[in-house]
Amino acid sequence: MPKTRRPPGLSESGFVEGTKKVDPAEVVRRYFRLINEEKFDEFFGLFDSNASLSAPFGYSGRGLEALKGYYLQVPQYYAEHVDEPVEILACGDRVSVRIEFRGRTRKGVPVQFRAADWFRVKDGKILSVEIFFDSYSLYKTVAGASGK
C-alpha cells in the first residue's frame, strides 16, 4: 500500500492527535482491501447508511441497497479483479486515490485501466464515493474482444 500524505497533527496510528477520531485514509485503505478480498459484509459496514455513489456509465445511487447493486456486480462480471491504490492523498474528511485496476472478465477478456476515486469520510464511515475512469476505453476493450 502506498504511504499516505498526512496533514500536520495526524498520527501514524490513524488518529488525530488528542482525539479518537478515525483516520479517513485508513477507512479508504480498508475499502480497497475488503473489495479486493470480496469481504462484502465488512465492506458495506464501512459506509454510512445514506452514502452516495457516482460512477461511469451514468451510475448514481444513494443508500446501502443502491451501493450494493453496484459493488456486487464486480465479482459477477470480473472473474479476477484487483483495485490497487497507487497514491492516497488525504486532507480532513476528503481522500483521493489514484488506482490501477487489473482484471479478467468472466469471458476471459483481460482488462486494465487507471481510475481515480474521491471519498468523503466522517466518523469512520464513508459518506460518498465518486469514481472516475475512461469508460469508453473500457467499453472498446470489452466490446472489441467480444467481436461487437
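From the list 94, 120, pick out the single residue that is under 24 Å from residue 41 (Cβ atoms) and at pLDDT 95 or above.
That would be 120, the only listed residue that is under 24 Å from residue 41 (Cβ atoms) and at pLDDT 95 or above.
Considered as a group, the residues in the range 91-108 that are in a strand (DSSP E or B) and closer than 14 Å to residue 81 by Cβ include one that is nearest to the chain's Cα centre (by Cα), and that residue is 99. Scanning the range 39-85 for residues that are part of a helix (DSSP H, G or I) and aliphatic (A, V, I, L, M), we see that the one that is surrounded by the most Cβ atoms within 10 Å (Cβ to Cβ) is 67. For the condition surrounded by 15 or more Cβ atoms within 10 Å (Cβ to Cβ), of a type in the set (A, V, I, L, M) and modelled with pLDDT under 95, residue 22 qualifies. One residue alone among 67, 46, 127 is more than 19 Å from residue 36 (Cβ to Cβ) and not charged (D, E, K, R), and that residue is 127.
The values are calculated or read from the model by the stated rules, or taken from the named source; none is laboratory data. Everything quoted here is computed from the prediction, not taken from an experiment. Glycine also receives a Cβ, built like all others from the backbone with ideal geometry; neighbour counts cover every protein chain displayed.
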